[in-house]
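See below for the structure under consideration.
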Amino acid sequence: MIMINILHIGIDDTDSPDGMCTTYLASQIINEFEKNGIELVDYPRLIRLNPFARFKTRGNGGVSFRIKNDDKANLAKEIVLDEVEKLSMFDCDNTNPGVIFYDGEITKEMENYAFRAIYEFITIEEAEEFGKSVGCQIHKFKKGRGIIGSIAAISLPLDDYTFELLAYRASENYGTKRQIDYDSVYLMDKETFPDTFENIDYSEEYIAIEPKTPCPVLYGIRSNNVEALEVAKSIVKVAEPIVDWCIFKTNQHTDMHIQKAESISEMKKFGCYEVVGEVKNKPTIIDGGHMFFYIKDESGEIECGAYEPTKNFRKTVSYLMPGDVIKVFGGIGEQNTFNIEKFQVIKLNDIEYQNPICECGKRMTSAGKNKGFKCKKCGNKIASDEKVPIKINRFLKNAQFYETPVSARRHLSKPICRM
Ligand code: ATP
């Protein structure tokens, strides 16, 4: 077997809230590669990292791609560094690009580093030391924070993956209203879902393929396969030029950020988990529209939140009752509250304790503390205080998953249509 020597290239932290997008920069590099006869091995990759990372612009994504490490490798490196120099948003304090070149096999310890970049916080110094120890060529611009994500973007194994097709706008249109024919997006969703997903939030009438920031992206369509993306692209109509487009292989919508917790007490702040617990109290809504309740197990309890932006999901959460056993998926934020992304019902509590029914058919009322029950209609009395168990019908169903709407979903969250 002939082994080809691969050069891995990782790029991160080139954009700012005012513009750019590391995927666009990657697509420009790929164009330059094409002009110079440099071919990519496999699709470029868009890798989402720790959703709680402090310095992220939006979705904490890094980009990587692979080329053959042949006589054009040095030219490729020059192109990458030139484009990062040319296109990064250097004026923004929080834009600190980092570029990584690495030739060779991705080792187990590099894979472990990548998972740490999804689950934990890594410092620039730590990333630099690690990168050097495994033989990465490191290029830092300004503080070079991007090397944290760049090393992870080249190193992460993708057992489960999805694709995203990103279409880019002409620069003169940046910051203006995107000219997307929404009817065609509805048609595209109808024709290609569930191969494509996260296109539209029907409950909010929100077109999720359209970014809301002034970045170069006109739209992004997410999918399980490339064929569906090609069909989707042919259906979506726009009334402005698409200057370029690129398909990325990604870890989006794979739940890669979620770790399995065996008990509530083992979960840590700023971690994302799935954990089973019993609902302790009826969910209640507070000012601002956020909904909270507790789950418990033998090890302890934690407050769970369905926040206002999750809209109708709060209605679903409101059907939970004390005694229900559920598996929640989500992350623990600043306030130590478990922010629910989705939940699965493990076992519904379908028994409610009610006052007994009188022989005459009327439900009895309490006759006072420790005085049993009495019937207001016929005057009948029972000495016992014990309520009777009644089987009730529940709106929620055992084994079923319930998820936040598309408009409130994280890039990494696996939608039910992929479960
Ligand atoms: P966009 O989604 O538009 O690409 P972004 O949200 O990805 O923007 P970046 O500009 O890439 O934001 O900034 C994220 C920064 O956080 C990068 O410098 C990246 O290296 C760093 N980072 C990524 N993962 C971690 C982590 N686990 N710990 C600490 N820093 C991290």
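The values are calculated or read from the model by the stated rules, or taken from the named source; none is laboratory data. Note that the structure is a prediction, hence the values are computed from the model and not measured. Please note: Cβ atoms are built from the backbone with ideal geometry, for glycine as well, and neighbour counts cover all protein chains shown. Protein only, heavy atoms only, side chains kept; ligands, DNA and RNA dropped before computing areas. Shrake-Rupley method; radii C 1.70, N 1.55, O 1.52, S 1.80 Å.
For the stretch 58-67, check the following and say yes or no: at least one residue is among the hydrophobic types (A, V, I, L, M, F, W, C), over 25 Å from SER413 (Cα atoms) and either in contact with a Pro (Cβ under 9 Å, 6 or more places away or on another chain) or not assigned by TED's automatic domain parsing to the domain that holds GLU227 (or both). Step through it out loud before you land on a result.
Our first condition is that a residue be among the hydrophobic types (A, V, I, L, M, F, W, C); within the stretch 58-67, this holds for 63, 65, 67.
Still in the list and also over 25 Å from SER413 (Cα atoms): 67.
With the extra rule that they be either in contact with a Pro (Cβ under 9 Å, 6 or more places away or on another chain) or not assigned by TED's automatic domain parsing to the domain that holds GLU227 (or both), the set shrinks to 67.
Yes, the stretch 58-67 contains a residue that is among the hydrophobic types (A, V, I, L, M, F, W, C), over 25 Å from SER413 (Cα atoms) and either in contact with a Pro (Cβ under 9 Å, 6 or more places away or on another chain) or not assigned by TED's automatic domain parsing to the domain that holds GLU227 (or both).
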From the residues in the stretch 106-116 that are more than 13 Å from the ligand (Cβ to nearest atom) and in contact (Cβ under 8 Å) with a residue 12 or more places away in the chain, which one is least open to solvent (accessible area, probe 1.4 Å)?
MET110
Would you tally the residues in the stretch 1-37 being of a type in the set (A, V, I, L, M, F, W, C) and open to solvent by 10 Å² or more (accessible area, probe 1.4 Å)?
8
Only one of these conditions is not met by ALA228: (1) open to solvent by 50 Å² or more (accessible area, probe 1.4 Å); (2) without any contact (Cβ under 8 Å) to a residue 40 or more places away in the chain. Which number is it?
(1)
Is there any pair with a first residue in the stretch 79-97 that is assigned by TED's automatic domain parsing to the domain that holds HIS139 and a second that is surrounded by fewer than 22 Cβ atoms within 10 Å (Cβ to Cβ) and of a type in the set (Phe, Trp, Tyr) whose Cβ atoms are under 6 Å apart and which are 6 or more apart or on different chains, and what are they?
ASN94/PHE55; PRO97/PHE141
Whether any residue in the stretch 137-149 is away from the ligand (no atom under 11 Å from the Cβ) and assigned to a helix (DSSP H, G or I) is what I want to check.
no
Being within 16 Å of the ligand (Cβ to nearest atom), over 21 Å from ASN251 (Cα atoms) and among the aromatic types (Phe, Trp, Tyr) narrows it down to one of TYR174, TYR202, TYR186, TYR206, so name that one.
TYR174
ARG169 vs. criteria more than 18 Å from HIS411 (Cβ to Cβ) and either polar (S, T, N, Q) or not assigned by TED's automatic domain parsing to the domain that holds SER16 (or both)
yes
Near pairs, Cβ below 9 angstrom, 6+ apart or cross-chain, from the stretch 183-208 (closer than 12 Å to TYR219 by Cβ) to any residue that is open to solvent by 70 Å² or more (accessible area, probe 1.4 Å) and of a type in the set (Gly, Ala, Ser)
MET188/SER234
Filter the strands (runs of 3 or more DSSP E) completely within the stretch 255-374 down to those with at least 3 residues that are surrounded by 14 or more Cβ atoms within 10 Å (Cβ to Cβ).
272-279, 291-297, 300-306, 325-332, 338-347
Filter the stretch 175-218 down to the residues that are open to solvent by less than 70 Å² (accessible area, probe 1.4 Å), of a type in the set (Ser, Thr, Tyr) and either modelled with pLDDT of 95 or more or closer than 24 Å to LEU25 by Cα (or both) and list them by number.
THR176, SER184, THR192, THR196, THR213
Scan of the stretch 117-150 for residues that are on the phi > 0 side of the Ramachandran plot, touching a residue at least 40 places away in the same chain (Cβ under 8 Å) and open to solvent by less than 70 Å² (accessible area, probe 1.4 Å), ordered by number
GLY144
